[in-house]
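So the structure is just underneath, and the comments pick up after that.
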Amino acid sequence: MSYGDYLHLDELLGAQHPKSRPEAHDELLFIIQHQTSELWLKLLLHELDGARQGLRVDDVGLALKRLARVKGILRTLTDQWTILATLTPSEYLSFRHSLASASGFQSHQYRAVEFILGNKNAGMLQMFEKNPTVHAQLTELLDSPTLYDEFLTYLARQGRPVPAAVLERDVTQAHRFTPELIDTFKIIYDSPAEHWSEYETCEALVDIEDAFQFWRFRHVKTVERMIGKKTGTGGSSGAAFLRKALEQTFFPELYSVRTALD
């Protein structure tokens, strides 16, 4: 078996099909940017699920190892925007019409990442109804505990005071800020040496949210420099829509506990 056989390079390198006619030179950049992002999202999902499984069986070391990889993937995804940012408005307009209604908003893997991190919205399943495989994957993630759910359940098994309402919540809904959890995390942050593995996991989750927000922010700025305030190809409000996502948080109590520390 050759290197090319193992990696299916014929299939991989033959998957770029510019639609513009005559073919715009810069469309290949746009395609590869998004295809490689989808590959990284696939690995991101794999590692997030692995971290979730680690917490489920009380193997914090395994979870932290996988979360470290998640942080590296998010840094890479963020850095990739610098390549797409070399695409000027006029260069993008030379092929934008070829995208028709295709939009990154339709990425089911991005939606899956948001679901496993906690930003759940059952209404998002509707756009994937014509793809049974994708719809089933997202439904499974919608119906299963998030990474944060598994961490809070782990803390409860370690004897930390986690409210029953949190442990028994409807996991198909997005996590809601729970003030009582601030006291839970304050115990950990007041004595990090005594609760090191829990403390380290808290900080790893904050690292991931920070990295995810940097990725979102870089996306916004790249879109703004390419199309300004134009609407997105999928009908979204473009940069304005992306900016709203910056207000979302996955682990709100891990930020709020900082205010409560003495």
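In region 237-262, of all residues being in contact (Cβ under 8 Å) with a residue 24 or more places away in the chain, within 15 Å of the chain's Cα centre (by Cα) and assigned to a loop (DSSP other than H, G, I, E, B), the one that is surrounded by the fewest Cβ atoms within 10 Å (Cβ to Cβ) corresponds to Leu246.
For region 187-198, what are the residues that are assigned to a helix (DSSP H, G or I) and buried (at least 18 other Cβ atoms within 10 Å of the Cβ)? Break it down into steps so the answer makes sense when it comes.
To start, the set of residues in region 187-198 that are assigned to a helix (DSSP H, G or I) comprises 187-190, 196-198.
The answer is Ile188, Tyr189, Glu198.
Scanning region 26-58 for residues that are more than 23 Å from Gly72 (Cα to Cα) and without any contact (Cβ under 8 Å) to a residue 12 or more places away in the chain turns up just one, Val57. Give the residue that is most open to solvent (accessible area, probe 1.4 Å), with candidates limited to residues of region 1-16 that are farther than 25 Å from Thr76 by Cβ and part of a loop (DSSP other than H, G, I, E, B). Looking at the filtered set, the residue picked out is Met1. If you filter region 90-112 down to residues that are in contact with a helix residue (DSSP H, G or I) (Cβ under 6 Å, 6 or more places away or on another chain), part of a helix (DSSP H, G or I) and not hydroxyl-bearing (Ser, Thr, Tyr), you find that the one that is nearest to Phe151 (Cα to Cα) is Ala112. Can you say whether Leu147 is touching a residue at least 12 places away in the same chain (Cβ under 8 Å) and within 23 Å of Gly104 (Cα to Cα), as far as the supplied structure shows? Spelling it out, it is not the case that Leu147 is touching a residue at least 12 places away in the same chain (Cβ under 8 Å) and within 23 Å of Gly104 (Cα to Cα). Looking only at region 113-126, residues that are under 23 Å from Glu247 (Cα atoms), assigned to a helix (DSSP H, G or I) and open to solvent by 30 Å² or more (accessible area, probe 1.4 Å) come to 3 in all. Among the residues making up region 134-186, those that are in a helix (DSSP H, G or I), open to solvent by 70 Å² or more (accessible area, probe 1.4 Å) and acidic (Asp, Glu) are Glu140, Asp143, Glu180, Asp183. So, Lys71, is that one assigned to a helix (DSSP H, G or I) and either modelled with pLDDT of 95 or more or not basic (Lys, Arg) (or both) or not? So Lys71 passes the test.
Residue pairs whose Cβ atoms lie under 6 Å apart, sitting 6 or more positions apart in sequence or on different chains, and linking a residue in region 107-125 that is in contact (Cβ under 8 Å) with a residue 60 or more places away in the chain to a partner that is part of a loop (DSSP other than H, G, I, E, B) and not hydroxyl-bearing (Ser, Thr, Tyr), are Leu117/Phe250; Gly118/His175; Gly118/Phe250; Asn119/Ala174; Asn119/Gln248.
The values are calculated or read from the model by the stated rules, or taken from the named source; none is laboratory data. All values derive from a computational prediction rather than experimental measurement. Using ideal geometry, Cβ is built from the backbone for each residue, glycine included, and neighbour counts are taken over all protein chains shown. To get the accessible areas, we keep the full protein, side chains included, count just its heavy atoms, and leave off ligands, DNA and RNA. Shrake-Rupley method; radii C 1.70, N 1.55, O 1.52, S 1.80 Å.
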